Amino acid sequence: MKNVATKHGQFASDNYSGICPEAWEFMQQANTGHVRSYGDDPWTEMATNSIREIFETDCEVFFVFNGTAANSLSLASLCQSYHSILCSDVAHVETDECGAPEFFSNGTKMLLIPGQNGKVQPEAIEQMVKRRTDIHFPKPRVLSLTQATELGTVYSPKELLAIKEVANKLNLKIHMDGARFANAVAGLNLSPAEITWKAGVDVLCFGGTKNGIAIGEAVVFFKKELAYEFDYRCKQAGQLASKMRFLAAPWVGMLTGGVWLKYARHANAMASYLEEQLSKKTIMPMFPREANSVFVTLPEAAQAHLRGKGWLFYSFIGKGGCRLMCSWDTTREDIDSFLTDLDECIFHHQNKHEH
Ligand SMILES: *Cc1c(COP(=O)(O)O)cnc(C)c1O
């Protein structure tokens, strides 16, 4: 059979990587005998309890297939159709979910806040909410934050607490898109509780896929009443796995002994190394690098040269620039090899100028 995977790692997205050994092993462990379906199995119970442990609280947990479902269904559960959701103008829920949050909430409007480095500021939230308070405008109800952000930055606890204060004042619930929550926790080196429910987060979409599992995200409700009938919502949306144990078991593998953080730290460290090496070539990051991605501007010719060498990376995220994303399995060799190819075209470019 033809091997269709590239030999080296890629920098396009952390979802280009495969399944980490621990997640794989637990999937295999779960593959014995018969158990009850639809989440009524020991693996789902274990995974749920592991999540309660790492968040140090009795939360409600649901496993769904992907991040779009996790975000849009959890947002829908916080809203009525006449409400609105505030988020950054580069938020995944706005730019990359094909209108799913609006669809699943039957028309809730997204209100876009221009931010800095992918983050929303408390003043901007307040401004947006106070812009219109009449009955003709959809009522602001939820604030959606992404942690780590789409631009590879991370909200500090201080920033989160300032946001919480304004959200409380304005009666907004807080949703957190944590597709790269592991990278944020690893980057801050703080407890998961500190940057979620202790900072006012009502519901977290806790990403597993980009952290190293095959399929799945956990929707974590820190206020149990907000999870009311969420199981029906998942079922109706086609997000209730009948063989749920295979969504849940990899989580047990990730959360046992801090595997999830080991890989997130690794991905962050690789991004840090990449950033450092690029800086030596005076290619500076566009945003503070606080998680596992580095954004840089590269000349079109350099981008074409790298793509010609088989490198894959995105240049459509946020406000443009090349996004170089590291993963749980990115190696120094991947990075060195990328940099060698980059050197070739920088050198080539400089030579051309001399002639
Ligand atoms: C990857 C990602 C998601 C999830 O996307 P799916 O493809 O639906 O799993 C959600 N939010 C952010 C910020 C992401 O990067």
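Each value in this text was obtained by applying a stated rule to the coordinates, not by laboratory testing. Here the structure is a predicted model, which means the values were calculated and not measured. We place every Cβ from the backbone using ideal geometry, glycine too, and count neighbours over all the protein chains shown.
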Fully extended contour minus Cα-Cα distance, from F316 to A304, at 0.36 nm per residue = 2.8 nm
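So what is Rg over Rh here for region 1-134, counting just Cα atoms and using Kirkwood for Rh? Show your work: numbers first, answer last.
On the way: Rg = 19.9 Å, Rh = 18.7 Å.
Reported Rg/Rh (Cα atoms, Kirkwood Rh): 1.06.
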How much mean residue ellipticity at 222 nm does the chain get from its helices, if each DSSP H run of length 4 or more adds -39500 (n - 2.57) and you divide by all residues, to the nearest 500 deg cm²/dmol?
-> -12500 deg cm²/dmol
Taking alpha-carbon centroids only, region 33-53 lies from region 290-328 a number of Å equal to 39 Å
Counting only DSSP beta bridges with both partners in the chain, the antiparallel fraction in percent, to the nearest 5, comes to 45 percent
Please grab the % of Cα pairs in region 259-354 that end up more than 21 Å from each other.
-> 30 percent
Computed over region 72-155, the distribution of all Cα-Cα distances in 5 Å bins, rounded to whole %, is 3, 16, 26, 24, 20, 9, 2, 0
In whole Å, what are the Cα extents of the chain along the three principal axes, biggest one first?
-> 68, 58, 34
What ³J(HN,Hα) values, in whole Hz, does the Karplus curve 6.51 cos²θ - 1.76 cosθ + 1.60 give for region 84-100 when θ = phi - 60°, with x put for Gly and Pro?
-> 9, 10, 8, 7, 5, 6, 10, 5, 3, 4, 8, 9, 9, 10, 6, x, 4
Would you kindly state how much longer the chain becomes between K130 and K223 on full extension, computed as 0.36 nm times their sequence separation minus their alpha carbon distance, in nm to one decimal?
-> 30.8 nm
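Are there any trypsin sites (Lys or Arg not before Pro) in region 1-84 that are in a DSSP loop and have at most 16 other Cβ atoms within 10 Å? List them by number. It would help to have the intermediate numbers written out before the result.
Details: sites: K2, K7, R36, R52; in loops: K2, K7, R36.
Counting only loop positions with at most 16 other Cβ atoms within 10 Å, the trypsin sites (Lys or Arg not before Pro) in region 1-84 are K2, K7, R36.
With only alpha-carbon pairs counted, each pair once and no self-pairs, how large is the Kirkwood hydrodynamic radius of region 217-305 in angstroms?
Working: mean 1/r = 0.0586 Å⁻¹.
With all distinct Cα pairs of region 217-305 included, I get 17.1 Å.
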